[in-house]
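Trainee: Below is one structure. I have some questions about it.
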Amino acid sequence: MSRTNTYVRSFLSILLIISISLMNVNTALADDSAPPQETATPTEEPVQLTEEPAEPAATETPTVEETPAAVEEVPTATEEAPAEVEETPVNEGQVLAEEEPTLFSQIPEETDVVVLDENGESLPLVSSEALDIILETDPMWCPAGVLPGGPGCTTNFSSIALLINNMISNTNAYDQAGVIYFTSNPGASFSLTTSSLGTADFNQLSDNNLILQGGWNGQNGANAQFNGQTNFGNNFLVIGTSSNPWIGNITLNNFSFNGVSSTNAVTVYTTSGDITLNNVDVAQQSGNDYTANLVSNSGDIVVQNGSTFDGDNTGGDTNMGFNASTNTGSITITGTAANPITFIDAAGSGNLINYNGATLSAPVVTLTYVEAIDNDLNGIYISNATTVTLNNVVAGDNSDGNGTNPPGANNSVGSGVYIQGPAGGTIVNINGGLFANNERYGIEIHNGNVVIISQPTYGTGSDRNGIGTIGPNNAPDLNVPANITVEATGPAGAAVNFTVTATDVEDDPDPTPTCNRTSGSIFPIGTTTVTCSVTDSWGVNMTDSFTVRVRDTTGPVLSLPANIIQEATGPSGRAVTFTATATDLVDGPRTVLCIPGSGSTFGIGTTTVNCFSSDSRFNFSFGSFTVTIRDTTPPALNLPSNIVVEATSPAGNVVAFSATATDIVSGSRPVSCTPASNSTFPVGVTTVNCSASDTRGNTANGSFTITVQDTTPPSLHLPANITAEATSASGVTVTFSASATDIVDVSVPTVCSPAPGSTFPLGITTVNCSATDSHDNSTNGSFTVTVQDTTAPIIAPHPDIIEEATSAAGAVVTYTSPSTSDAVDGAGTATCSPASGSTFAFGNTIVTCNATDTHGNAATPTTFTVTVQDTTSPTLSLPADIIIEATSPSGAVVTFTASSSDIVDGSVPVNCTPASGSIFALGTTTINCSAADSHGNTANDSFTVTVQDTTGPELTLPANITAEATSASGAAVTFASSALDIVDGSLPVTCTPASGSIFPLGTTTINCSATDSNNNTTTGNFTVTVQDTTAPVIAQPANRSVITNNNSGKEFVNYPLPATSDAVDGPGFATCTPAPGNIFQVGITTVTCTAVDAAGNIATPVTFTINLKYIAPIWKNSEAFIPVTGGEIINLDCNTNILVAGIELVFHNLCNHQTIVNILDETILPGGLPSGFTFVAGLDIAVFSENQIVNPLPTGAGVEMTFPLQGSQQDFAVLFWDGVKWVEIIQQIEGSELARILSTESANDLYKIISAEGGIYKALTAGKTGIFILVKK
């Protein structure tokens, strides 16, 4: 963990203490120093969470060492001034508490918070370990019957506290029957009372049935498993209180508790709601409390599925065993022979008050497979019961004989089972069991009658373990003082005196009460429960208790630093560290919280630091001191270095500069300089003076110099380079203007060489110029003068020329070039193109002539025309005489090539009649051809074409034929053949064998021929191959189902082989695997069948299935129906009977499955009832296997439902919800048909079972599970 995270966690933890203290919380989670609890009598209130207001804070001002400032008193949250607490102002350092709301900010008032580690030891709330434990639990709430993560479920809360907070914030979302799922370790106690929820929210939610489901694996939906138990460790579980009980049913499934010492491990109070404990174990209970305290006004109390309640009898630890009480309901505690319900080790440490293994009070008490062993008083104490049934109860080794014995008890104290009947008497049914080694009786009955169903077994020897029956008696009256509160007189606590008396109408003198604490003894700081008991001479016991609270209300002594003065280090001020400590008279050194804290940044000025500390009992002390941060440091100037600049005018230069100042507190500050930036500085040196002040009047001064100088030479203004045309052989006279300017002197004289107006020769001449200012800054420059000649020469004219072509290229022509004249260069000759002696093409050609003088001046070009002409005829080139074969009755198309060439035109087109590509008839034809050039010169010639017929007709035969045999003789094959002659056209064809013949298996050659009218004959052949490639066909067998009663899961199975058919081989039978007569396993086996004919053709395999079913005999469990309350997970045997809401369910052939059955009422049905029906009762039945829902049920399995009726069967019906609508179950069967129905695959899996028995309605589902309801028509 990083230092930052550690600081935040520690700071948050301290703020948690503050928030808890200001809320004045009082309900204890666990700790020796927890607030008091009231221990009630067995039939009333054995344990009650204290709900008293906090004591007011001390009125004296706490002592603060070295604190110059007065301590501001902050009122505590008393009943008289709750508003002042909420309006107590907070300073800046307390903002974190608002920005980071603590986990406890939503806890109801009057709730003390104690965090326990995995060993049951309390942890300081300021520790990281305590926060980790608080944040590492994970309950989830879901509507009844919904698995974790399903519709309507909450998030997986990270702690019990967050779940409770959410129930407070979103009460309406929880206002329905629900389930709270817990994983292996919730990490904290669980409480649903007016203290944890608030009175309004508690009253709204307590109407609903609630299941607490432990052993959850943390997975959602079908992956959710409920194995083992949720281990609360030394944390406790409370639902309701004696003054504010829960109303609905409460069910606890799969929980364990170990080492609870501060209160009862389990406490449940209801009015009319039933209380059910399934697989709930309590171990090592101490603290003079109950392992479980279950109290209901009219509801039933059920304990089942192997629950164990074990006290801690080691050393001086004490506990009062198990307590259950209902005024008008019943108590049913049911175990099994292999897994009984046990009550052991109720210990009284020598003072026997109420240390029975189990203390039960109800009109009807039924105990089945219950064991009570090694308890310091009675194994089981039963009172107020008119009917008691003991089925296979074991009670032994109870009562240690160390307490005060009632008169005539023969030095014996407790019995195995002690029954105190009411005035009207008790009927005690005893069915077997074992009662041995108890101090008084095996079964002791007061005011009751015994019915022996099956004779129990008693101990032998000197112990009195038979049945003792004693007449009626009255319980003694026990008078204890009211709860006592005193102030601690020292670290050990305080001495407290009290008086306890007892009276009894039947005893004289009155019996003497005993208490677990002595009057005048030292009581430690905190709340101590004093439990007192008295037993009259008849052995009737009465117990009561009160509390002694020793309190500590003195806060710690603060030690704070003197007022602090320091210099600021930045705009925000300065970080200041200091040390503050506190010492408490009881707790010693304590943590001090100061706001702002040490190391905080303090702003400039004086800040009051408020500090406070609290002891472990939340007594606070407050103090303060001041931290003053001051600023006496001037700003730091940042000036430029001395500046040197060039003059830009006669006045000097404008100079800009930057001067800044920075203050450690004020930051950037303005700077004032004289002369200012952007002033005009004269030539020379000027001093600039600057200053800056911060916001608190601290001033800094500084200066620098600015030097303006003139080192810039004048600027010359010269003409651009000059070009002039020569006016004579000497050149030309040129004039120009040159000047100079200076930044300081303004105008400066200029000197140039050559001077303006000089005569410049042909070519380029450079002119050099210079100027000097008054500070001897000189400037030089130059430009050029170019004199040139640009006049061109003149060309004489030339006449046109006509010549005759001498070749295809034209003709060679010679001529004389024209003459030229130039003003400078004189006479010359022009250059012409094309040149004289060139070959000129046929037609007109333009000849162009040019001339250039010595200075590159080109003359204007001149032209003349040369004409070449053509008068010669072209030459023909024809083919020799042609002989060709006829290609049709019309003869043949003949193509040929005839060409012609001309001296001028080259190749010219030739015209022939008939033309090339014409159809020439049989015989000889003369072709005449001619050609003419482009100038009308013509040539003529001819040749002959002869057409003849010597070609036979063309045969068209089929490709080699492959045919499939249709019988053993082969196959009839038809084919088509034709012949086409170039001259005669289509001709008949003769083939052997002919088309349509029967061809045998194998290959046959067919020979064919055709002859035209000129006796030209053509022959050809092809082959016909007859083959067998068709595979046989296997008949498709149907799937088969076979029933076996062999519990080995194996059976010999026979079946007929499927038939085959083949075009060549005829009928046959397939070969199948597995073969008939083999051993098949229970389940579905796929059989594959194949076949091969004599030609090796393999048939397409076919498959079918054999479903071997094992059907166990149908029987009804002779054992009693298992009562369930609905919502719990029930492990199913192969056949299991359960009873839920008066409805009998029989689960057939569902070995190693599980079921959850939820009770439905009309308000939570998935759809409205059909017209004419009214709701009577309903169940939602789900079956699981390997954590997956099984729907439909496997063949052979089913669920038989028996609904109790009040009326005739004809007036009722059972409906099933198919997911869309209600379906009435109308298919009827006799009860004797049950085995047949379960063993048969049928589309209808819902049945009404006809029963002659009145008062019931029976139904069966052999497939679908879900919602079934009984309705009245």
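Coordinate-derived values only; no laboratory data. Note that the structure is a prediction, hence the values are computed from the model and not measured. A quick note on method: Cβ atoms are made from the backbone with ideal geometry, for glycine too, and the neighbour counts reach across all protein chains shown.
Trainee: Taking 56 Å as R0, compute the FRET efficiency from the Cβ-Cβ separation of residue 1233 and residue 962 and round it to 0.05.
Mentor: Working from the Cβ atoms, E equals 0.30.
Trainee: I would also like to ask the following. Bin all alpha-carbon pair distances of the range 135-231 at 5 Å intervals from 0 and give each bin's fraction as a whole percent.
Mentor: 3, 14, 25, 27, 19, 9, 2, 0
Trainee: For residue 501, what charge total do you get from the other residues with a beta carbon under 10 Å from its beta carbon, if Lys and Arg give +1 and Asp and Glu give -1?
Mentor: On the way: positive: none; negative: 477, 510.
Local net charge: -2.
Trainee: Mind ordering 357-370, 923-936 by average Cβ neighbours within 10 Å, highest first?
Mentor: By packing density, highest mean first, the sequence is 357-370, 923-936.
Trainee: Now a separate question. If you place +1 on the Cβ of every Lys and Arg and -1 on the Cβ of every Asp and Glu, how big does the dipole about the Cα centre of the range 729-813 come out, in debye to the nearest 20?
Mentor: That gives a dipole near 200 debye.
Trainee: Now for a separate question. Quick one: Karplus J couplings for the range 1019-1030, per residue in order, coefficients 6.51, -1.76, 1.60, θ = phi - 60°, nearest Hz, x for Gly and Pro?
Mentor: In residue order, the calculated couplings are 10, x, 8, 7, 10, 10, 10, 9, 9, 10, 10, 8 Hz.
Trainee: Quick one: Cα convex hull volume of the range 769-927, Å³ per residue?
Mentor: Each residue corresponds to 239 Å³ of Cα convex hull volume.
Trainee: While we're here: Given the range 135-231, what percent of its DSSP beta bridges are antiparallel, to the nearest 5? All intermediate terms of the calculation are to be shown ahead of the outcome.
Mentor: Details: 5 of 9 bridges.
Here the share of antiparallel DSSP bridges comes out near 55 percent.
Trainee: Then there's this: Apply the Debye scattering formula to the range 477-551, with a single equal point scatterer on each alpha-carbon and no solvent, then give log10 I(q)/I(0) at q = 0.22 Å⁻¹.
Mentor: Log10 of I(q)/I(0), two decimals: -0.88.
Trainee: Using mean Cβ contacts within 10 Å as the protection proxy, how do 483-490, 712-719 order, highest first?
Mentor: 712-719, 483-490
Trainee: So, counting K/R as plus one and D/E as minus one, what does the shell of residues with Cβ under 13 Å around residue 247 add up to?
Mentor: Taking every other residue near residue 247 into account, the sum is -3.
Trainee: Over the range 1048-1107, what per residue volume does the convex hull of the Cα atoms give, in whole Å³?
Mentor: Per residue, the Cα convex hull of the range 1048-1107 comes to 69 Å³.
Trainee: Taking the Cβ of residue 819 as the centre, find all other residues whose Cβ is under 15 Å away and add up their charges (Lys, Arg: +1; Asp, Glu: -1).
Mentor: With Lys, Arg at +1 and Asp, Glu at -1, the neighbours total -3.
Trainee: Turning to a different aspect of this structure: Beyond 18 Å, what share of the Cα-Cα pairs of the range 954-1027 is found? Please give it as a whole percent.
Mentor: Tail of P(r) above 18 Å: 41 percent of Cα pairs.
Trainee: Which lysines does residue 1258 reach when only Cα atoms under 28 Å apart count, and residues fewer than 8 places away in its own chain are ignored?
Mentor: Candidates past the 8-residue exclusion: 1109, 1116, 1221, 1248, 1272, 1273.
Trainee: How large are Rg and Dmax for the range 794-869 when only the alpha carbon atoms are used, in Å?
Mentor: 14.2, 47
Trainee: Also: Mind pulling the per residue volume of the convex hull built on the Cα atoms of the range 875-948? Å³ is fine. Walk me through the numbers on the way to the answer.
Mentor: On the way: hull volume 5.0 nm³, N = 74.
In the range 875-948, the Cα convex hull volume per residue is 68 Å³.
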